[in-house]
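Beneath this line is the structure, given in C-alpha cells, with notes to follow.
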C-alpha cells in the first residue's frame, strides 16, 4: 500500500523568514503531518541554491518532504498594489499537472491552472471577504476591491472545482454558503491554530527578568512596560493608526515594539519622526517565530488596529503566551476574546485605542495570564492539524484507492 500524497500550493519558501498567517498554517501542516502521508510543497526558491521546476528531497521541522520551487523570490514581505507574486505563481502553474491525492490552496488565483487536475482539492479562506472587498477608506489594500464584479466572476468560475472549502472566518463561511447554495455542504469552518511548542507563558519571575533585559538592551528604564505589534506592515493592519494611538497614550514608561516588515515600513518610520515617537517606538524588522514568542511573553499587551481580518494567528499566539489583546472590531478576534483576556474597540480612532491600552496597562490584574492562555488552549496546531489529516485519511480509505498508483507518483 502506498501513502496518500498531500501537495500544498503557496508562493513562499518554508525555510525563509516570511511574515503571514498563511505561511504559519502551512508550516504547521508540514510539521505535524502524520507518517501516513507524504507531503509535497510547491513554492518559491531562494536566490542561489534551489533548482527550479523539479521535485527535491528536503526536511522541514524534522519532517521529510518534497519541495518544488517555481521561481526565485527575494523577499515576499514587501507587496505591491498589483499582486505580481500571486500572478507570477499562477502563470507558472499554467500548462502543468501537479495533481496529487489531496491538494491545498490558499489563494484563489492559482487555481485557474488546476481545473482539470485530478484529486481532492481544498481551498482555505483566511480573511473576511466582505470587508476585504468593501473597504472604502482609500488605502491601497488589494487591487480586487476596485474590481469586485471581476473578482466574484472569477470566483464563480473556479469555486466548484473544490471538494472542500475551509474558512477560519465565520462571515466568509456564511457568505460562501449563501452565494453557492449548491455546494454549501462543501463549506466548513476550521479553527486557526498556534504552535504550543513555541508559544506558551513564562513563569512570572522569568518573564520579568526577560523584560528587564530587553529594556536594558534598548537603553530604556528598567520599569518599562512593552506594547507589542507583530505582523506584516500592510495597509490592512493600519500601522499608521497604531502609531497615532501610541501618540495619544499618555502613560509613563511604556514602549511600543513593532516586529514585522512590509511595504509600509518607510511610511511608519516617517510617521514615527513626524509624531516625535522615536523614544517610544522601536521598529524591530522581521523576526523568526521563537523571537516573536519571546516578545509576546514579556509584553503587557498586544495591539491590533486592522481594518479587516479573519482570525489572525497572532491573536492566538499572543493569548497562548498569557498576554491580553486590544483590537479593533473586525474579524473573529472580538468573538474569541473574553472580558478578562482583552478589549474590543468599537471605534477605530487613536483616542479609543489609547484608552483601551491604558485600561490594560493600569489594571493588569483584570487580565491574568491564566485567563488569556485558557482562551487559546482549544486552538493548538497539533490537535487541529491532526483532525484535518484524520478526516483526509478516512476519505482516502473510503475511496479505496490506496492500491492504485496514479501518474503523479510514477
Subset of region 282-327 (residues that are out of contact with any helix residue (DSSP H, G or I) (no Cβ under 9 Å at 6 or more places or on another chain) and more than 17 Å from residue 213 (Cβ to Cβ)): 286, 288
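In region 283-300, which residues are in contact (Cβ under 8 Å) with a residue 40 or more places away in the chain and closer than 22 Å to residue 20 by Cβ? Spell out how you get there, then give the answer.
The first filter runs over region 283-300 and keeps only residues in contact (Cβ under 8 Å) with a residue 40 or more places away in the chain, leaving 286-290, 292-300.
Hits for region 283-300 are 286, 287, 288, 289, 290, 292, 293, 294, 295, 296, 297, 299.
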Selection count where residues are buried (at least 19 other Cβ atoms within 10 Å of the Cβ) and farther than 24 Å from residue 207 by Cβ, scope region 273-306: 2
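Enumerate the strands (runs of 3 or more DSSP E) found wholly within region 242-353, keeping only those where 3 or more residues are closer than 24 Å to residue 167 by Cα.
Values: elements: 254-259, 281-285, 301-304, 325-328, 342-345.
By residue number, 325-328.
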For residue 243: the one exception among (1) more than 26 Å from the chain's Cα centre (by Cα); (2) closer than 24 Å to residue 362 by Cβ: (1)
Output for region 19-36, where each listed residue is in contact (Cβ under 8 Å) with a residue 60 or more places away in the chain and part of a loop (DSSP other than H, G, I, E, B): 19, 20, 32, 33, 34, 36
Members of region 83-103 that are over 30 Å from residue 391 (Cα atoms) and not in a loop (DSSP other than H, G, I, E, B): 84, 85, 87, 88, 91, 92
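From 194, 226, which residue is in contact with a helix residue (DSSP H, G or I) (Cβ under 8 Å, 6 or more places away or on another chain) and closer than 30 Å to residue 161 by Cα?
Working: 226 fails: closer than 30 Å to residue 161 by Cα.
Result of the check over 194, 226: 194.
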Lone qualifier among 98, 48, 70, 87 - being at pLDDT 85 or above and farther than 29 Å from residue 392 by Cβ: 87
Residue match in region 119-127 (condition: out of contact with any helix residue (DSSP H, G or I) (no Cβ under 7 Å at 6 or more places or on another chain), modelled with pLDDT of 95 or more, in a loop (DSSP other than H, G, I, E, B) and surrounded by 14 or more Cβ atoms within 10 Å (Cβ to Cβ)): yes
Residues located in region 160-188, provided they are within 23 Å of residue 100 (Cα to Cα), out of contact with any strand residue (DSSP E or B) (no Cβ under 6 Å at 6 or more places or on another chain) and crowded, with 19+ Cβ neighbours inside 10 Å: none
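The values are calculated or read from the model by the stated rules, or taken from the named source; none is laboratory data. This structure is a prediction, so every number in the text was calculated from the model and none was measured. A quick note on method: Cβ atoms are made from the backbone with ideal geometry, for glycine too, and the neighbour counts reach across all protein chains shown.
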